[in-house]
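Peer 1: Supplied in C-alpha cells, the structure appears directly below.
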Amino acid sequence: MDVLKARPTSQVAKRSLHRMNVKRHVYAFVFLLPFLIVFVGFYVIPIIIGFHLALFVSVFGVNHFVWFQNFVNVFTDPNFYRGLLTVLLFAVIQIPFMVIFALIIAFVLNSRIVKGSKLFRFLVFLPYAVPGVVSALLWGYLYTPGISPIVGALRHMGLSSFTFLGPGVVLMSIMNIVTWEWTGYNSIVFNSSLQAQPVELEEAATIEGASWSQIVLRIKFPLLLPTVFLVLIFSVVGSLQLFNEPFIISSMTSLPYYYTPNMYIYNEAFSFGNLNYAAALSFVLALFTFLASFLLMRYALPRRNNNA
Amino acid sequence: MQTKVPLSSRASVTFLFVLVAIYFVFPLYWLVISAFKTNAQLFQFIQPWFPPHLSLIKNLVELFSYDSGEYTRWLANSFLYAGASAIGATFFATLAGYSFAKYDYKWMRTIFWIILGSIFVPVTALVLPVFVLMESLHLINTYWGVILPSLVSPFGVYLTRIYADQGVPDALLEAARIDGASEWTVFWRVASRLLMPATATVFLITFVGTWNNFFLPLVILNSSTKFPAILGLNLWNSINAEGHAKLMYNMIITGAVVATIPLAISFILLQRYWRFGLTSGSVTG
C-alpha cells in the first residue's frame, strides 16, 4: 500500500508506520491473550494456591499457618523416600531398556532392511493409541492367574509358582506395561528425526565405502542425540510421576499406598483427607522432577563444539 | 537409499522383528478375542482364540444397557471432555504459537520461555492444586472442572511456533499486508491455512490426552454420571476386584475395546499430520 511505498523520511509516513507498529504489538498480544488467560488461570494460579496451602496445617478443619513445617516433614518422611526410591529404580532400569529398544527399531526401520516396514511401524505404534488405563487393565489381566493365557502357558510348562504380581516382581511387570506403551511412540519419534537428517552425509559416506554400522554409529546416531535426550528427559519426568499403572495394578495385588510418590499424594489427599501435606508432597516431587531434568540437561547433554 | 545387507542377516532381523511385532500386538489381540467371550469362557477357555460360541453382541448389549446405560453415558462424556478440550486448546495454542513465531517482539520472549519451561512441569503435580482451585470455584464434580484445566497446552504452543517459523513464510504474510489485509485477516485467511498440519496435530494430541486423562477426572469427579469412559472402567474394575458383586470381566474387556476405538480411528485419520510436510516452498511457487 501507499504507506509502505512512501519514504519513511517524511513525517506523515513515520507516524503512520509507528501507528502500524503499535497495532502489530496489540495484535501480537491479542493473539496471545486467550492462551495466557487459561495458562495463568489453570497453570500459574493453581501453583500459587497449592504452595499457599502447603504452608498450613489443618486441625479439626481450622487452618494453622506453620511456615515450612510440611516441607520439613516431607523431607524426613520415610514413605516419601520409599516411593521415590521405587520410581528411581523404575527409571534406572526401564528408561535405558526402552530407549535402546526404540533406537534399534528406528534404525532398522530407517535402513529398510526389513520388508513391510510400513505395516511394522503401524503395529509398533498401536499401543500408543490405547489409553494408559486400558493398557494397565489389559496387562493386569494378562498377569492374573485364571484368566491369563500367558500365566496359563507358564503353568502348563511347569512354572506353577511363578507370579507376575508378587512383591519382588510387580515393579518389573509395571515396567513392562510402560515399555509396551511407549517404545513404539519413541521409535516413531526417532524414525521421524532420522528421516529429517540430510542425506548428503550418508551418501558421501557410502561412496567412501562406509558400512551400515559405521554410518549408524558415526553419522546418524550423533545427529540423533538431541532427540534422544529429549525423549530421555520426558521419560524421566514421566517415571517420577508414575501413577496410572501402579494404581490400576494395586486393585489386582496389594501395593502400599505410598508405592509411588503420586500414589502417596493421591492417598494422602483423598483417602486420608490431608490436603495440606499432599500439596507439600506435590511441590517436593515437582522439585525433584525439575532437579532431575536439570541435571540431565546440565551433565548428560552432549556438549556442542563451540566453534561449530 | 538402499543399503546392502546380506540375505542371512536380513532374514534374522526380519525374524526378530516378527517377535517384536508379536510383543506389541498380542495383548491387543487378546483383548479383542476376549471381547467375544462370556465371563465363564474367559476363565474356562483361556486359549487366545475365538470361543466355540461368539458372545460379542451379547457383551455389547450388556455393556451398553447395564445399569440403564451408564457406559453409554460415560462414552458420551468422554467425547464431550475430549472434544471440547481439544477444540479450545487447539484454538488457544494455534493463536499463541503463531503470535510467538510471527511477531516475535522482545517482551514476548520471556513469556515464551515461561511457557516452554512449563512443558517440563509434570501435569500430575498440578492436579492437586487444580483440585483446590476448582473447590474454591465450586467446580468440583462438574464438566467444567475437567474441561477448563485441559484447555492449556504449552506443548501445542511450542509445536505451532516451530511449525509457523518454517512453514509460514514471512514474505507471504507481508504480501497479504501489502494487499491491505488486516492482521486478523492475515492470520485467518493466510497463516491458519498453512498452519493446518500443526493445528491438526495439536488437536490430535489434546484430544487423545484428554480422552486418556485419568488422574484429573479421578480427582475432580465424584459422581459416576459425570465419569469419562476411562474412569468408568476403573470403577467397574475396582467393584469387580472386590469380588462380592457380579463378575464384570466381560463388560470391562468389551468396554476397554470400545473406549480404544475412537482413539485408533483418530490416529488413522490424522496419520499424515504426524509428520510435518513443511510448506516452506509455498512462497516461491
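The values are calculated or read from the model by the stated rules, or taken from the named source; none is laboratory data. Just so we're clear, the structure is a prediction, and the values are computed from it rather than from any experiment. When we count neighbours, we look across all protein chains shown, and the Cβ atoms used for this are built from the backbone with ideal geometry, even at glycine.
Peer 1: Restricting the first residue to segment A:162-189 and requiring it to be polar (S, T, N, Q), which pairs with a second residue that is surrounded by 20 or more Cβ atoms within 10 Å (Cβ to Cβ) and assigned to a loop (DSSP other than H, G, I, E, B) meet a Cβ separation below 7 Å and a spacing of at least six or different chains?
Peer 2: A:173/A:164
Peer 1: Another one. From A:191, A:186, which residue is at negative phi, more than 10 Å from every other protein chain (Cβ to nearest Cβ) and under 22 Å from the mean Cα position of the chain (by Cα)?
Peer 2: It is A:186.
Peer 1: Based on what the data block shows, is residue A:154 surrounded by fewer than 18 Cβ atoms within 10 Å (Cβ to Cβ) and closer than 16 Å to residue B:22 by Cα?
Peer 2: Considered against the rule, which asks whether it is surrounded by fewer than 18 Cβ atoms within 10 Å (Cβ to Cβ) and closer than 16 Å to residue B:22 by Cα, residue A:154 comes out as no.
Peer 1: Out of (1) more than 14 Å from chain A (Cβ to nearest Cβ); (2) surrounded by 13 or more Cβ atoms within 10 Å (Cβ to Cβ); (3) not hydroxyl-bearing (Ser, Thr, Tyr), the odd one out for residue B:61 is which?
Peer 2: (2)
Peer 1: Hey, can you tell me all the residues within segment A:113-145 that are at pLDDT below 95, over 20 Å from the mean Cα position of the chain (by Cα) and closer than 23 Å to residue B:268 by Cβ?
Peer 2: The answer is A:114, A:115, A:116, A:117, A:118, A:119, A:120, A:121, A:122, A:123.
Peer 1: Here's something else I'd like to know. With the condition being within 30 Å of residue A:30 (Cα to Cα), at pLDDT 90 or above and in contact with a Gly (Cβ under 9 Å, 6 or more places away or on another chain), I'd like the helices (runs of 4 or more DSSP H) fully within segment B:175-285 carrying at least 2 qualifying residues.
Peer 2: Hits in segment B:175-285: B:196-212.
Peer 1: Then there's this: Give, as residue ranges, the helices (runs of 4 or more DSSP H) completely inside segment A:69-156 that count at least 1 residues that are at the interface with chain B (Cβ under 8 Å from one of its Cβ atoms), without any contact (Cβ under 8 Å) to a residue 12 or more places away in the chain and under 30 Å from residue B:15 (Cβ atoms).
Peer 2: Because the criterion is at least 1 residues that are at the interface with chain B (Cβ under 8 Å from one of its Cβ atoms), without any contact (Cβ under 8 Å) to a residue 12 or more places away in the chain and under 30 Å from residue B:15 (Cβ atoms), the helices (runs of 4 or more DSSP H) in segment A:69-156 that meet it are A:78-111, A:117-125, A:132-143, A:149-156.
This table checks each residue for (1) under 25 Å from residue B:246 (Cβ atoms); (2) crowded, with 20+ Cβ neighbours inside 10 Å; (3) more than 9 Å from chain A (Cβ to nearest Cβ); (4) in contact with a helix residue (DSSP H, G or I) (Cβ under 6 Å, 6 or more places away or on another chain).
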residue: B:11; (1), (2), (3), (4): no, no, yes, no
residue: B:15; (1), (2), (3), (4): no, no, yes, no
residue: B:25; (1), (2), (3), (4): no, no, no, yes
residue: B:29; (1), (2), (3), (4): no, no, yes, no
residue: B:37; (1), (2), (3), (4): yes, yes, yes, no
residue: B:40; (1), (2), (3), (4): yes, no, yes, no
residue: B:43; (1), (2), (3), (4): yes, no, no, no
residue: B:52; (1), (2), (3), (4): yes, no, yes, no
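Peer 1: Another question, then. On the given criteria, is residue B:97 touching a Lys or Arg at 6+ places or on another chain (Cβ under 7 Å), within 13 Å of chain A (Cβ to nearest Cβ) and touching a residue at least 60 places away in the same chain (Cβ under 8 Å)?
Peer 2: Taking the combined requirement at face value, the residue satisfies it.
Peer 1: Before we move on, is residue B:133 in contact with a helix residue (DSSP H, G or I) (Cβ under 8 Å, 6 or more places away or on another chain) and more than 7 Å from chain A (Cβ to nearest Cβ)?
Peer 2: no
Peer 1: Here's a follow-up. For a quick check of your reading of the model, give me the residue pairs whose first member lies in segment A:15-27 and is assigned to a helix (DSSP H, G or I), whose second is among the aromatic types (Phe, Trp, Tyr), with beta-carbon atoms closer than 7 Å and at least 6 apart or on different chains.
Peer 2: The qualifying pairs are A:24/B:103; A:25/B:105.
Peer 1: In segment A:230-250, what count of residues is obtained for those that are under 28 Å from residue A:299 (Cβ atoms) and polar (S, T, N, Q)?
Peer 2: 3
Peer 1: Shifting gears a bit: Any residue at all in segment B:69-77 that's basic (Lys, Arg), modelled with pLDDT of 90 or more, under 27 Å from residue B:259 (Cα atoms) and in a helix (DSSP H, G or I)?
Peer 2: yes
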